[in-house]
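Undergrad: The structure is given below, and queries will be raised subsequently.
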Amino acid sequence: MVLRRLSARRLRSILRPWFGELWGTPRVRYTPQDVLYALDNLPRGAGQHEYAGRVRDPGAWLEHRMSFWLDAAGEPVPPRSAELAGQAAGRRAEIARDRQDRAAEAAGRAADPEARAAEARQWLYAKLRRPLPGRLVS
């Protein structure tokens, strides 16, 4: 609601560092959803902004809220969408590693079925707390 009180020109002027120049290639590109998230939240999951009454100057309010999303050099920090994309890529890589490990384990089991059968028998008899056949009970 506060942003509606700003002209498109003023809004574009304030948010230029986060959306980048029209012809330039910004280091960090925010989406409109990233900006809306940044208006309500602090970077790196540090919590939400505190709210204090009615906004008198929407331009100053927007500049203040977005200033939290700048680093010491005045460059935008990576947006929330980039953080989520990195986490998703990490999860996909972990899943791929797990699949490779399971495939290698399955290939190892398939290579020596007799040894696998002996392991299974040993495990089953241990679960049933019975001695393996052919062994003397002491």
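FYI, it's all coordinate maths here, none of it is from the lab. Nothing here was measured: the structure is a model prediction, and the numbers come from that model. Because the Cβ atoms are built from the backbone with ideal geometry, glycine has one as well, and the counts that use them run over all protein chains shown.
Undergrad: Helix-only estimate, please: 222 nm mean residue ellipticity of the chain, summing -39500 (n - 2.57) across DSSP H runs of length 4 or more and dividing by its residues, to the nearest 500.
TA: Values: 5 runs with 79 residues, N = 138.
So the helix-based figure for the chain works out to -19000 deg cm²/dmol.
Undergrad: Now a separate question. What percent do you get for the relative contact order of the chain when only Cα pairs under 8 Å and 6+ apart count?
TA: Across the chain, relative contact order equals 20 percent.
Undergrad: For the chain, set up a Gaussian network in which alpha carbons nearer than 10 Å are linked by springs, and say which option among 60, 120, 96 fluctuates the most.
TA: 120
Undergrad: Could you give the angle, 0 to 90 degrees to the nearest 10, between helix 8-19's Cα long axis and the longest principal axis of the Cα atoms of the chain?
TA: Compared with the principal axis, the helix lies near 40 degrees.
Undergrad: Say we join alpha carbon atoms closer than 10 Å with springs in a Gaussian network model of the chain; which of 35, 77, 55 then has the biggest fluctuation?
TA: Among 35, 77, 55, the largest GNM mean-square fluctuation belongs to 55.
Undergrad: Classify the chain as rounded, prolate or oblate, taking a ≥ b ≥ c as the square roots of the eigenvalues of its Cα gyration tensor: rounded when a/c is under 1.5, otherwise prolate if a/b is larger than b/c and oblate if not. Spell out each step's value before the answer.
TA: Numbers: a/c = 5.96, a/b = 3.26, b/c = 1.83.
Prolate, since a/c reaches 1.5 and a/b exceeds b/c.
Undergrad: Counting other C-beta atoms within 10 Å, which of 37, 30, 51 has the fewest, and how do the rest follow?
TA: 51, 37, 30
Undergrad: For region 2-78, restrict the atom set to alpha-carbon positions and state the Rg and Dmax in Å.
TA: Here Rg and the maximum Cα pair distance are 12.5, 38 Å.
Undergrad: Name the GluC sites (Glu not before Pro) in region 45-138 that are in a loop by DSSP and that have at most 14 other C-beta atoms within 10 Å, would you?
TA: Those that pass, being in a loop and sparsely packed, are 50.
Undergrad: Still on this structure, please answer the following. Using a Gaussian network model of the chain with C-alpha springs under 10 Å, which one of 84, 124, 70 is most mobile by mean-square fluctuation?
TA: 124
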